Amino acid sequence: MNKPSSLIWMVFILLVIFPTPAGKFIIDLAGGIFLIFTIIPLILGGIGWFTWKKIQSKVTTCEACGSTFLNSQTICPVCGKSIRNTTDILENIPASAATVDIKSEDIDL
C-alpha cells in the first residue's frame, strides 16, 4: 500500500490552521458532522423514551396471571378473568363518601 504523502497532510493542516475560506469550510464541515453524530442519537433516544412511556401508560397487568395487555380490554386474554377498572370503581362512589369533613375545635391548655 502507498503511504499518504506528508505534503497532503501539511496542506490539510495549513488549510485548517490558517483562516482561509477553505479552512473555515473544513472546520464548519467537521463541526456539522460532529453535531449530526451527537444530536441525532440524542433526539432519537428522546423520541423512543417518550414513545415507550406512552405505550407503558396504556398497558395494564392482570392480577390473576400477571400477563400484560392494553387497557381497552375488560377480560384478560390469557386466563379469562374479568378486569376491574379503577375508573369504574371511582365512578360508583359518591363524592360525599370520598371527602373528609374536618371541624376545628379550640383546645384550652
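Just so it is clear, none of the values below were taken in a lab; they were calculated from the coordinates. Model, not experiment: these values are computed from the prediction. Reconstructed Cβ throughout: ideal geometry from the backbone, glycine too, with neighbour counts over all protein chains shown.
Tabulated data
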quantity: Acute angle (nearest 10 degrees) that the helix 6-17 long axis makes with the longest principal axis of the chain, alpha-carbon atoms; calculated: 60
quantity: At R0 = 25 Å, FRET efficiency that the Cβ-Cβ distance of Asn92 and Ser67 yields, to 0.05; calculated: 0.45
quantity: 0 to 90° range, to nearest 10: angle between helix 21-57 axis and the chain longest Cα axis; calculated: 20
quantity: Rounded if a/c under 1.5, otherwise prolate or oblate - region 36-83, Cα gyration tensor axes; calculated: prolate
